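Have a look at the structure below before the remarks.
The values are calculated or read from the model by the stated rules, or taken from the named source; none is laboratory data. Small disclaimer: the values here were computed from a predicted structure and weren't measured. Glycine gets a Cβ as well: all are built from the backbone with ideal geometry, and neighbour counts include every protein chain shown. These area figures cover heavy atoms from the full protein model, side chains too; ligands, DNA and RNA do not enter into them. Shrake-Rupley method; radii C 1.70, N 1.55, O 1.52, S 1.80 Å.
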Amino acid sequence: MQGRLTDSLYGLGWAGVKKLPEPAAQALGRRIADEAWRRRGKGVTRLESNLARVVPGASATQLRRLSHAGMRSYMRYWMESFRLPSYSEQQLIRSVSVEGLHHLTGGLAAGRGVVLALPHLANWDLAGAWAVTATRTRFTTVAERLKPESLYDRFVAYRESLGMEVLPHGGATAFGTLARRLRAGGLVCLVADRDLSATGIEVTFFGEAARMPAGPALLAQQTGALLLPVTLWYDEVSPAMNARVHAPVPVPQVEGRRERVAAMTQTVADTFAAGIAAHPADWHMLQRFWSADLEPAGRAGT
């Protein structure tokens, strides 16, 4: 019953919020965020715990203010996402301001294939929809299987409506499909700061051990595709979301495939960390993340 209720609430969001004028949707998002923050549920307290690593030395008052801003940023993500299917092409293009776009367009023009790796910063769905529209290139991604199945199907249908090819997360089948798309010169976009598998790479992230997916680096290494980290953020100056496409992550000249993948994944982690440190309120990490916070089974990658 809880699963059906959750699915129904998401359905209501997509059906109802997209009909609201943008100012009304923004105001609704802020009200929901403020109420969730005042209730101080597990997501809010976990967000503050994560932000304590990102902003070392912050006082309890500073962390509470930052988590408040973080919840407002998180609900902005949801309000935008619920409205995305109703955006016109011109509205979508105006919604994102991009730096370093030449890294992406140059890689696609060369036919090498491109892997875009993003953290849970600002609105990765909006960034993906913008990329499809701006480059006229459909991309492939993966989605975590959600419960109930109807909710997972709803998310897949939503992302496919934005021009994305969505594969279920996990297993050799998804990896093989991604590799084929890249060898054909295609585009793959992966949210890559939280490991959901048993094959994650241990990295140093804000001075502590964490695990991140090996997939982006492994795909780039095996297919010859460019691996481009992307960071996103909101600001108070412009209503548009900001994005930066960073320079390609090089394949290091070291022996051993796993060693090369580990070095590339650490470079991605360092790029993510710089983007998160600059805009900590826009990192929507309301789950346990660092290895020290995970249960023993989670640390073992099961």
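Quick check on the stretch 199-221. Is at least one of its residues out of contact with any strand residue (DSSP E or B) (no Cβ under 6 Å at 6 or more places or on another chain), at pLDDT below 90 and either of a type outside the set (A, V, I, L, M, F, W, C) or open to solvent by 60 Å² or more (accessible area, probe 1.4 Å) (or both)?
Yes: one or more hits.
Condition test on residue 110, is it touching a helix residue (DSSP H, G or I) at 6+ places or on another chain (Cβ under 7 Å) and among the hydrophobic types (A, V, I, L, M, F, W, C)?
Taking the combined requirement at face value, the residue does not satisfy it.
Which of the residues belonging to the stretch 62-86 are within 24 Å of residue 161 (Cβ to Cβ) and either free of Cβ contacts under 8 Å to residues at least 12 places away in the same chain or open to solvent by 40 Å² or more (accessible area, probe 1.4 Å) (or both)?
Passing the criteria: 74, 76, 85, 86.
Return the total of residues in the stretch 227-265 being open to solvent by 20 Å² or more (accessible area, probe 1.4 Å) and more than 20 Å from residue 281 (Cα to Cα).
Total meeting the criteria: 16.
May I ask you to verify whether residue 285 is under 25 Å from residue 42 (Cα atoms) and surrounded by 13 or more Cβ atoms within 10 Å (Cβ to Cβ)? So that I can check it myself, show each step before the final result.
Values: under 25 Å from residue 42 (Cα atoms): yes; surrounded by 13 or more Cβ atoms within 10 Å (Cβ to Cβ): yes.
Yes: the conditions hold for residue 285.
Is the stretch 226-243 home to any residue that is in contact with a strand residue (DSSP E or B) (Cβ under 9 Å, 6 or more places away or on another chain), of a type in the set (Phe, Trp, Tyr), on the phi > 0 side of the Ramachandran plot and in contact (Cβ under 8 Å) with a residue 40 or more places away in the chain?
no
In the stretch 108-121, what residues are open to solvent by 20 Å² or more (accessible area, probe 1.4 Å) and under 13 Å from residue 230 (Cα atoms)?
Of all residues in the stretch 108-121, those open to solvent by 20 Å² or more (accessible area, probe 1.4 Å) come to 108-112, 120.
Residue satisfying the conditions is 120 alone.
Any residue at all in the stretch 53-61 that is touching an Asp or Glu at 6+ places or on another chain (Cβ under 6 Å) and surrounded by 13 or more Cβ atoms within 10 Å (Cβ to Cβ)?
Going through the stretch 53-61, the residues touching an Asp or Glu at 6+ places or on another chain (Cβ under 6 Å) turn out to be none.
Taking every residue of the stretch 53-61 in turn, none turns out to be touching an Asp or Glu at 6+ places or on another chain (Cβ under 6 Å) and surrounded by 13 or more Cβ atoms within 10 Å (Cβ to Cβ).
Just to be sure I understand, how many residues within the stretch 170-198 are touching a Pro at 6+ places or on another chain (Cβ under 9 Å), under 18 Å from residue 275 (Cα atoms), open to solvent by less than 20 Å² (accessible area, probe 1.4 Å) and assigned to a strand (DSSP E or B)? Can you show your working first?
Residues of the stretch 170-198 that are touching a Pro at 6+ places or on another chain (Cβ under 9 Å), as a first pass: 174, 188, 190-197.
Narrowing the set further to residues that are under 18 Å from residue 275 (Cα atoms) leaves 190-194.
With open to solvent by less than 20 Å² (accessible area, probe 1.4 Å) added as a condition, the list becomes 190, 192-193.
Subset that is assigned to a strand (DSSP E or B): 190.
Result for the stretch 170-198: 1.
Tell me the residue from 73, 67, 49, 95 that is among the hydroxyl-bearing types (Ser, Thr, Tyr), more than 17 Å from residue 189 (Cα to Cα) and more than 19 Å from the chain's Cα centre (by Cα), please.
Values: 73 fails: more than 19 Å from the chain's Cα centre (by Cα); 67 fails: more than 19 Å from the chain's Cα centre (by Cα); 95 fails: more than 19 Å from the chain's Cα centre (by Cα).
It is 49.
Looking for something in contact (Cβ under 8 Å) with a residue 12 or more places away in the chain, open to solvent by less than 80 Å² (accessible area, probe 1.4 Å) and either part of a loop (DSSP other than H, G, I, E, B) or in contact with a strand residue (DSSP E or B) (Cβ under 7 Å, 6 or more places away or on another chain) (or both) - is there at least one such residue anywhere in the stretch 14-29?
For the stretch 14-29, residues in contact (Cβ under 8 Å) with a residue 12 or more places away in the chain, open to solvent by less than 80 Å² (accessible area, probe 1.4 Å) and either part of a loop (DSSP other than H, G, I, E, B) or in contact with a strand residue (DSSP E or B) (Cβ under 7 Å, 6 or more places away or on another chain) (or both): present.
Looking only at the stretch 37-52, how many residues end up being surrounded by fewer than 19 Cβ atoms within 10 Å (Cβ to Cβ) and either among the aliphatic types (A, V, I, L, M) or out of contact with any helix residue (DSSP H, G or I) (no Cβ under 8 Å at 6 or more places or on another chain) (or both)?
The qualifying residues number 8.
Could you look through the stretch 93-107, keep only residues that are touching a residue at least 60 places away in the same chain (Cβ under 8 Å) and aliphatic (A, V, I, L, M), and pick out the one that is surrounded by the fewest Cβ atoms within 10 Å (Cβ to Cβ)?
Among those residues, the one meeting the criterion is 101.
Among (1) touching a residue at least 40 places away in the same chain (Cβ under 8 Å); (2) in contact with a strand residue (DSSP E or B) (Cβ under 7 Å, 6 or more places away or on another chain); (3) crowded, with 17+ Cβ neighbours inside 10 Å; (4) not hydrophobic (A, V, I, L, M, F, W, C), which single condition is residue 159 missing?
Only one criterion in (1) touching a residue at least 40 places away in the same chain (Cβ under 8 Å); (2) in contact with a strand residue (DSSP E or B) (Cβ under 7 Å, 6 or more places away or on another chain); (3) crowded, with 17+ Cβ neighbours inside 10 Å; (4) not hydrophobic (A, V, I, L, M, F, W, C) is unmet by residue 159, namely (1).
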